[in-house]
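Data block below; observations after.
The values are calculated or read from the model by the stated rules, or taken from the named source; none is laboratory data. This structure is a prediction, so every number in the text was calculated from the model and none was measured. Neighbour counts are summed over all protein chains in view; Cβ atoms, including those assigned to glycine, are modelled from backbone coordinates with ideal geometry. All accessible areas refer to the heavy atoms of the entire protein, side chains included, with ligands and DNA or RNA removed. Shrake-Rupley method; radii C 1.70, N 1.55, O 1.52, S 1.80 Å.
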Amino acid sequence: MTVGPRKGHDWGMDAARPSRLDLWIGLSAVAASMALMAVVIPIWVPVFSTPRPLGLAPWLLPQASAAILGLAGAALAWRARRGSDAPERTVWRGLALAVAGVGAYVVAMPLLGAIGTGVVLTVALVLARKGPRAWPAALATAAVAVGLAWAMFVALAGTPLPRGPWEI
Amino acid sequence: MWEDIAAGFALFATWQTVGLFGLGIAVGIVIGAIPGLSVTLAVSLALPLTFAMDPALAIIFLAGIYKGGTFGGSITAILIRTPGTPAAACTLLDGYPLARRGEAAKALDTALYSSAVADFCSNLALIFLAGIIVLFARQFGPAEYFWLVCFALTTVAAVSGDSLAKGFIAVGIGLLLSTVGRDLFFGSDRLMFGQRELAGGVALIPLLIGLFAVAEVISHYASKPRPRERFEGTGEGLTWSEFRRLLPTIFRGSAIGVGVGAIPGTGGGIASFLSYGEAKRVSKSPETFGRGNIEGVAAAEAGNNGVAGATLIPLLALGVPGDVVTAIMLGAFMIHDIAPGPGLFERHGNIVYAIFFGLALSPIWLLALGKLASRGFTRISRIDPDLLMPAVLLFCVLGSYSVNNSMFDVGLMAVAGVAGFAMLRLDIPPAPLVIAFVLGPLVEDNFRRSVRIGRGRAEYFFEDPMSWVFIALTALSIFAIVRQRRRQARLLRGR
């Protein structure tokens, strides 16, 4: 009798076919787990020594979580070692546009204020997607979105949003 | 108890509460009916708005969005073959062929009535079962709670997505994120990497908005546009005799939904497919399923709406969220410094009963709003997402900022958004991450209390029979899920 997985046996862990990408996800999870374990061990404990009993130690849950991550990653990598290539699904230009939009909010909001940044970026995102002829739709979208946001966050919830150089 | 009921009724019976609940359901239906926007996104974005609300009002509002969104997801599934929510994917199987045959009105009516009946059953189950479970839960010590949370984490890792390993990767990341910040027991800084803003831990709302809303926005821009399906004519609605014939299917689906929803870590998607499968199994004409059988629509909708109320049972009675939306509701409780669980019924009984009164109204609101406007919502589903997504992004940014009036939280949201998008593309489910994140402190707290009470003896964790029940349930659920996955994998290989 053979003990252990047969060739190509999946241990029943996945319903979907594994891909080559899963191998890299699994290996990355293992690497992240090892790096985190190294970071977590020297967590400074402001008591005289390691706490007793051991279960109270502040590094126990981070260690256990990193171990779960590593073990699951290893299992995934093992399962996907003979996987096929995953189909390409990402439109990279669109991805770059969206990430740039999100990043621009983080950078521009303290400088231009929430309302100013909202108008500029809403118009920019609509134009980038629909073309320069869509400026009436872009302006209308920005007006509605910023108006609604102002009503909900400023008028109703009283949130002091960053006001920018124009104090709006 | 009667005092709590009276106080709960007083809390609920104001025009603001009733109106806000209706508004929540309407918002949920609208968001659910827009392809690309999910209920989770709507509830995440609404969470910052509940800061200023009374806790009962906040939960009722979020529950309204949840229930409205669960039904709203079926509208686009039926009309344009695009499920507005993952739970509505099953409704599409028979709903869309009905719409293609010119019977969209019948399919929409079936979805609406099945949703309302299942919602009613689910709320009844919540009201009666939550109290009974609380009586049991009062006997739980920290060791039993520790095992209960382990059971919830295992289930959510196993049932979310297609891969058990990826589910556990998400749980590992969620638990790690929950440990970031200052450990209040020893005062040690954990995984803060020198960022003082992380001393209080990773903020829940920016994390949720990033993972569920910003990730959807990025995913929209990074995907090829899909051609929209068009439908012709709506036809006649559902007749009374047809509805009566559907009642056994609806009640069966509701019961399945309640059973699935009451288990921590599961969700509407599983319930709708189980209910659909059962309806097909007992049907005299199973070959018509998938070709436009209204029984299929009724079963799927009853299954996923049966979950909506029942999933609040583990949240309110045990403090353990049943799915992502209830994990967000747990966040709403935490914002107001209220811990769900047995203590909620003792210390804030009025809030519990106010929530019950609110939920009891939900089928009526659902029927009224759904019937009044289900034709109008077809127009909503045609809104151009290229105009919608920049507005959603603006709300994400302001919602994250409003938590602590901090740009650090906006940065956190941006990082979580990019990570959420990567998880979407790598098929790593975000639900286990969020549930592990909110349950992490509960795991650690109960583990430490058990260690202290048991004076470091490992046997303390296994002394109570209830601990063994949860350990057995955990093992059983893993066994059942692995078995089911093997069957699915075999089917895939056979194709």
- Query: At what distance in nm do the modelled label points of B:SER285 and A:ALA74 sit from each other, each positioned 7 Å from its Cα along Cα→Cβ?
  - Reply: 5.6 nm
- Message: Can you tell me which lysines have their Cα less than 24 Å from the Cα of B:LYS224? Leave out same-chain residues fewer than eight positions away.
- Response: A:LYS130
- Compute the accessible area of each residue in the stretch B:178-209 twice, once for its chain alone and once with every protein chain present, using a 1.4 Å probe on heavy atoms, and list those whose area falls by at least 40 Å². B:PHE186, B:SER188, B:ARG190, B:LEU191
- Task: With label points built 7 Å along Cα→Cβ from the Cα atoms of A:ARG82 and B:TRP15, find their separation and express it in nm.
- Result: 7.1 nm
- Query: Packing-wise, with mean Cβ within 10 Å as the measure, how do B:40-46, B:192-198, B:288-294 rank, highest first?
  - Reply: B:40-46, B:288-294, B:192-198
- What whole-number value in Å² describes the accessible area per residue of the stretch B:127-217 for a 1.4 Å probe? 34 Å²
- Specify the angular offset, from 0 to 90 degrees and rounded to the nearest 10, of the alpha carbon long axis of helix B:55-80 from the longest principal axis of the alpha carbons in chain B. 40 degrees
- Message: Please report the spacing between the Cα centers of the stretch B:309-337 and the stretch B:386-454 in Å, no decimals.
- Response: 15 Å
- Given H placed 1.01 Å from N in the peptide plane, which residues other than close sequence neighbours of B:ARG190 have an amide H under 5 Å from its amide H? B:GLY181, B:ARG182, B:ASP183
- Largest to smallest accessible area among B:ASP445, B:ASP4, B:ASP337, B:ASP94 [probe 1.4 Å]: B:ASP337, B:ASP445, B:ASP4, B:ASP94
- At the nearest 100 Å², what buried accessible area, both sides summed, do you get for B and A when the probe is 1.4 Å? 6100 Å²
- How large is Rg/Rh for chain B, to two decimals, with Cα atoms and a Kirkwood Rh? 0.96
- Task: Give me Rg over Rh for the protein assembly as shown, both radii from the alpha carbons and Rh done the Kirkwood way, two decimal places.
- Result: 0.95
- Task: Within 10 Å of each Cβ in peptide B:397-405, how many partner chain Cβ atoms are there on average? Round it to a whole number, please.
- Result: 6
- Query: What is the extension gain from B:GLU242 to B:ARG347, computed as 0.36 nm multiplied by their sequence separation minus the C-alpha to C-alpha distance, in nm to one decimal?
  - Reply: 33.1 nm
- Per residue of B:460-466, count partner chain C-beta atoms within 10 Å of its C-beta, then hand back the mean as an integer. 0
- What's the carbon and sulfur percent of the stretch B:2-494's accessible surface, probe 1.4 angstrom, rounded to a whole number? 64 percent
- For the stretch A:111-119, 3J(HN,Hα) per residue [Karplus equation, 6.51 cos²θ - 1.76 cosθ + 1.60, θ = phi - 60°, Hz, x = Gly/Pro]: 8, 9, x, 5, 5, x, 5, x, 5
- Show which aspartates and glutamates lie in cross-link reach of B:LYS106 when reach means a straight Cα distance below 16 angstrom and same-chain residues fewer than eight apart are skipped. B:ASP94, B:GLU232, B:GLU236, B:GLU242, B:GLU295, B:GLU301
- Is the stretch A:92-156 best put as rounded, prolate or oblate by its Cα gyration tensor, with a ≥ b ≥ c the root eigenvalues, rounded for a/c under 1.5, and otherwise prolate when a/b is larger than b/c, oblate when not? oblate
- Please list, in chain and number order, the residues 5+ apart from B:THR82 or on another chain whose amide H is under 5 Å from its amide H, with Hs placed from the backbone. B:ALA77
- Item | Using θ = phi - 60° and Karplus 6.51 cos²θ - 1.76 cosθ + 1.60, couplings along the stretch B:273-281 (whole Hz; Gly, Pro as x) | 5, 5, 5, 4, x, 5, 4, 5, 5
- Taking a point 7 angstrom from the Cα of B:MET334 along the C-beta vector, which residues in the stretch B:440-481 have backbone N less than 19 Å away? B:440-449
- Applying the Karplus parametrisation 6.51 cos²θ - 1.76 cosθ + 1.60 with θ = phi - 60° to the phi angles of the stretch A:60-69, what ³J(HN,Hα) value in whole Hz is obtained for each residue in order, glycine and proline being reported as x? 5, 5, x, 5, 5, 5, 4, 5, 4, 4
